[in-house]
Amino acid sequence: MKKAIIVNGITDMNKGDQALVWESYRIIQDTGLYDDIKVISLGDTPEEFDALCGQTINRGMYVIQNLLQHPRRGKHHKDQLQKEGLGYLLFQVKNAVGDYLHLTRLKKIIYDDQKIKRYFNPREIETIQAFREVDTVFVKGGGFLHAHGEKTAPYVMWYFLYYMNLAKQLDKELVLLPNSYGPFDGWTVESQLKKGLEQSDLIFAREHVSSIALGKLLKRDIPVVPDLGFYLQMQPKEVGFAILEKYGFRKADKIVGMTVRPWRFPGSDSPEQLFDRYLNSLKDLIIYLKGQGYKVALFNQSIGPNVHEDDRNAIERLIQICDNDKTKLFTWVNEDPTCDVLKAVYANMYFFVGTRFHSLIFSMTSEVPSISIAYGGNKGVGIMEEFDLGEYVVKIDDVTTEKLIRLFDKAIANYEGIKGKLAAKLPYLEEQRQETIEMIKKAVRH
């Protein structure tokens, strides 16, 4: 039997990411080839480690220490939601340079036990030993290999490709589970991607637009298979409703679920104005929904690990904009369940308005008609197109009140047709999952 490591880290605070790691683990198990599967952790402090890995450890998965710390080193500034201050940026730049030098050195000394003991702590040494012994490195599903021309793009790309480069340097098998790819704007981004991925044993894309973008860059075919989040097996629907009941919802209510998120609008000269327009458009939509007799619930799809990935920050801003303590326009279901429980909550929705990508996957695989506010490269648009629902997407940069209300009205007018499309798609998912397993088995050595 073989050994596997799942990179680039587990983030229990982000329920979409948690679902991807859990389903990555399950699909590797179901190949029947691996009896030793480890998951790389995230978290730069003991508190972050517990928050980011605790639910996964409780599910029985073996988590090993991350070698690559984030430049922020566990420091998060809530007042820098849209733009980080100069001092904080300099702090991160200093750490990033140190990490680059430190981990570049690791590649040169990885088989030198004396030097490894000199430069790394015992938990890191355990991880290094795991990389020495592993057969296959699996990159969890996700959507992190993209750049929008930011000044930080060269470092960000090095950061995300680090374990992939390490795997190929050690002559390990490398499999990228279904990801979104692109755009690739920025200095050195394309060259780094070519170097990091061209020797991969197998690369999956989770939508055609990503397959085309990466396939063109690498000059190879990239098979398209569903995002692993589609396969998440939810807890019973009643478990989800029990959470809603705590917040005063009844089974007769027509609940419109929503996810919102902080977003810095990379490449824009006016991120604060765009973020305000996004939230104000949602406020207007909520007022419209309430007038139509719906009840609106806001959910935490992600609560960290940093302020930019903590949806509570965006919800708190929306509470202020709506003066929600007085107006009671929506209910904030402020919980931190596991991903399979959260999906069971979403299954009780009548309709869903999702910014968070995996909140849409959770809702749509529960046959809940949804509209998407797309961000971060190709994933939001691509996933709706895979369901033949590409007309129900608006990009976060283009959000207006009028567009959201028009999309909602259009979806309600076609409600049964959308439910039919969702229901028709679901039977094929298990078949596609089995095809993915077979492609993995063909790509790796037995």
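The values are calculated or read from the model by the stated rules, or taken from the named source; none is laboratory data. All values derive from a computational prediction rather than experimental measurement. Here the Cβ is made from the backbone with ideal geometry for all residues, glycine too, and neighbour counts use every protein chain on show.
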(request) Take segment 335-388 and flag every residue that is at pLDDT 95 or above, in a loop (DSSP other than H, G, I, E, B) and either not hydroxyl-bearing (Ser, Thr, Tyr) or not assigned by TED's automatic domain parsing to the domain that holds Arg264 (or both). (result) Glu335, Asp336, Pro337, Ala347, Asn348, Met349, Arg356, Glu367, Val368, Pro369
(message) Tally up the residues in segment 289-329 that are in contact (Cβ under 8 Å) with a residue 24 or more places away in the chain, over 13 Å from Leu279 (Cβ atoms) and not hydrophobic (A, V, I, L, M, F, W, C), please.
(response) 13
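Run down Gln114, Gln129, Gln169 and say which single residue is in contact with a Lys or Arg (Cβ under 8 Å, 6 or more places away or on another chain) and over 27 Å from Ile383 (Cα atoms).
Going through Gln114, Gln129, Gln169 in turn, just one is in contact with a Lys or Arg (Cβ under 8 Å, 6 or more places away or on another chain) and over 27 Å from Ile383 (Cα atoms): Gln169.
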(request) Report yes if Val307 is farther than 15 Å from Tyr346 by Cβ and β-branched (Val, Ile, Thr), otherwise no. (result) yes
(request) Hey, can you tell me all the residues within segment 390-436 that are of a type in the set (A, V, I, L, M, F, W, C), crowded, with 16+ Cβ neighbours inside 10 Å and more than 14 Å from Phe351 (Cα to Cα)? (result) Val393, Val394, Ile396, Val399
(request) Scan segment 253-268 and give yes if some residue there is among the acidic types (Asp, Glu) and within 16 Å of Thr400 (Cβ to Cβ), otherwise no. (result) no
(request) Take the residues in segment 168-184 that are touching a strand residue (DSSP E or B) at 6+ places or on another chain (Cβ under 9 Å) and without any contact (Cβ under 8 Å) to a residue 40 or more places away in the chain, then tell me which one is farthest from Val21 (Cα to Cα). (result) Phe184
(request) Go through (1) in contact with a strand residue (DSSP E or B) (Cβ under 6 Å, 6 or more places away or on another chain); (2) among the polar types (S, T, N, Q); (3) closer than 22 Å to Gly293 by Cα and name the single condition Asn348 misses. (result) (1)
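Conditions tested, residue by residue: (1) buried (at least 17 other Cβ atoms within 10 Å of the Cβ); (2) not hydroxyl-bearing (Ser, Thr, Tyr).
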site: Gln199; (1), (2): no, yes
site: Ile203; (1), (2): yes, yes
site: Arg206; (1), (2): yes, yes
site: Val209; (1), (2): yes, yes
site: Leu214; (1), (2): yes, yes
site: Ile222; (1), (2): yes, yes
site: Pro226; (1), (2): yes, yes
site: Ala242; (1), (2): no, yes
site: Tyr247; (1), (2): no, no
(request) Just give me the residues in segment 287-304 being out of contact with any Asp or Glu (no Cβ under 8 Å at 6 or more places or on another chain) and either farther than 16 Å from Tyr346 by Cβ or at pLDDT below 95 (or both), in sequence order. (result) Ile287, Tyr288, Leu289, Lys290, Gly291, Gln292, Gly293
(request) Being in contact with a Cys (Cβ under 6 Å, 6 or more places away or on another chain), outside the structural domain of Asp311 (by TED's automatic domain parsing), among the basic types (Lys, Arg) and buried (at least 20 other Cβ atoms within 10 Å of the Cβ) narrows it down to one of Lys38, Lys15, so name that one. (result) Lys15
